[in-house]
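Notes to accompany the following structure.
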Amino acid sequence: MELGRLGEVLRADFDEKTAAREVGLAASRRTIRSCGNAIRALHRYDHDTAHRLLAEAGEALAEGRSALGPHPELLHSGFMHDAEKEYAEAFFTRSLISATPLPSFDDVGVGAAAFVKGMAEAVGEVRRHILDLMRRGDLKRCEELLASMDEIYYLLTSMDHPDGITMGLRRLTDVARSIIERTRGDFTTSSIQRTLRDALERALPEEA
């Protein structure tokens, strides 16, 4: 093939990849934005809005995958993985806050690494929810969520695979452990304060 024709073929290929990449990047950004807004809605107990935003995130993710499907080197270049991770995190956060069964691998429909990393990052969102529940005095629900956080951590630690396969899961697992330990300490302090307050309230009428 003469160089002139070869240049045309190469430019056409690069043009096609560039156009697909732009669509994928835009879809990735929309996915991440919708997931972040869905999580914020969950913390406001606005589950209807969270459900709608999560559906929008799923549509954006599907659009990005479709555009990048013919170009696997772009599909697996990193930015779509980040969007999948945020999508999985929003799914897990919704299930934990709503006290519904955790999503399965098929429910979320993302890669295994994105799935488990989203699970790990959901631990931080659950801590935020637990702190809110502590302020409300719902210690029973806090205890239930702490148990769920422990179960997630034990699952994460069982993923004993190279970081090249899990794409950085080990670091997120260490972060999750730290979050759980801090949350358990906060819960213990809150429980002791609640017990003391209840004891004082019971004692005061007797002294009067």
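Throughout, read-outs are computed from the coordinates displayed, never taken from laboratory work. Just so we're clear, the structure is a prediction, and the values are computed from it rather than from any experiment. Please note: Cβ atoms are built from the backbone with ideal geometry, for glycine as well, and neighbour counts cover all protein chains shown.
Structure values in brief
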read-out: Lys/Arg +1, Asp/Glu -1 at C-beta; the chain dipole; positive extreme among 95, 156, 42; value: 42
read-out: Cα-based shape type of the stretch 143-208, given that a ≥ b ≥ c are square roots of the gyration tensor eigenvalues and the cut on a/c is 1.5; value: prolate
read-out: Folded to 0 to 90 degrees: helix 79-98 orientation relative to the chain principal axis, Cα; value: 30 degrees
read-out: Trypsin sites (Lys or Arg not before Pro) within the stretch 1-96: DSSP coil, no more than 11 neighbouring Cβ in 10 Å; value: 44
